[in-house]
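First comes the structure, then the notes that go with it.
The values are calculated or read from the model by the stated rules, or taken from the named source; none is laboratory data. Just so you know, these numbers come straight off a predicted model, no measurement behind them. Note that each Cβ is placed from the backbone with ideal geometry, even for glycine, and that neighbours are counted across all protein chains shown.
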Amino acid sequence: MKPCTTTNVVTFSRTTHRLPSRGWALSPGCAKRDPIATFLPLFEALNWAVALDDHVRAHWAPEGRSLGWGWRDRIGNGSEVSAVRFVRNRVHHQWADALYEDTGGYGPDPMFDEWKWRPSDQLPTGSDDRGHDDYDARLAERPARFTLRHLSYVYTILAGLLEPILPRAMTRPSTASE
């Protein structure tokens, strides 16, 4: 495995903290039935998820060689990342509204409404359909907050694998005065 440098200001583990906070914005009732207020944190969370996916694909080499997309087979819920990349591409490139508000939850109280992923036939087509089958199997018509929670778990596990805990003195960059 390639060692991570100790002088990086932004680490993999620090960027994973963006996912849980963005997932909360999609929790039932949190967006106050405002699709625009929901779109922006979703857009950001999906972009972070794909950036992290790209980093893992390039840098995780537990046997000395990068696993590429094969990393997803080594981590629980890893196949969900393929589905997220598919929907991220629709949201990012076509500005698709990938969520719908399910108001048929537990009664008339909007506190129990749920943002769910649209069926794939309601999303625009794109030039790359990789992950389409994973999207249909793992995300379509399911609560988005579950997906973002799963991503948080996946990337938290990977942060521990990519960046082993180092003593504090080794994690800060040296300065000229030292």
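Could you list, in sequence order, the residues of the range 70-98 that are touching a residue at least 60 places away in the same chain (Cβ under 8 Å) and outside any helix (DSSP H, G or I)? Matches in the range 70-98: 75, 76, 77, 78, 97. Among residues of the range 33-51 that are without any contact (Cβ under 8 Å) to a residue 60 or more places away in the chain and on the phi < 0 side of the Ramachandran plot, those with a Cβ under 7 angstrom from a residue that is of a type in the set (Lys, Arg) and assigned to a helix (DSSP H, G or I), sequence gap 6+ or separate chain, pair up as 41/22; 44/22; 46/88; 47/88; 48/18; 50/85; 50/88.
Here residue 38 clears all of (1) within 15 Å of the chain's Cα centre (by Cα); (2) modelled with pLDDT under 90; (3) assigned to a helix (DSSP H, G or I); (4) surrounded by 14 or more Cβ atoms within 10 Å (Cβ to Cβ) except the condition numbered (1). Restricting attention to the range 54-62, does a residue exist that is under 17 Å from residue 150 (Cα atoms), crowded, with 20+ Cβ neighbours inside 10 Å and modelled with pLDDT under 95? The answer is yes, given that some residue of the range 54-62 is under 17 Å from residue 150 (Cα atoms), crowded, with 20+ Cβ neighbours inside 10 Å and modelled with pLDDT under 95. When restricted to residues that are modelled with pLDDT of 90 or more and more than 15 Å from residue 156 (Cβ to Cβ), the range 75-90 contains 9. The single condition among (1) free of Cβ contacts under 8 Å to residues at least 12 places away in the same chain; (2) on the phi > 0 side of the Ramachandran plot that residue 67 does not meet is (2). In a residue-by-residue description of the range 147-159, the property of being in a helix (DSSP H, G or I), among the charged types (D, E, K, R) and modelled with pLDDT of 85 or more applies to at least one position.
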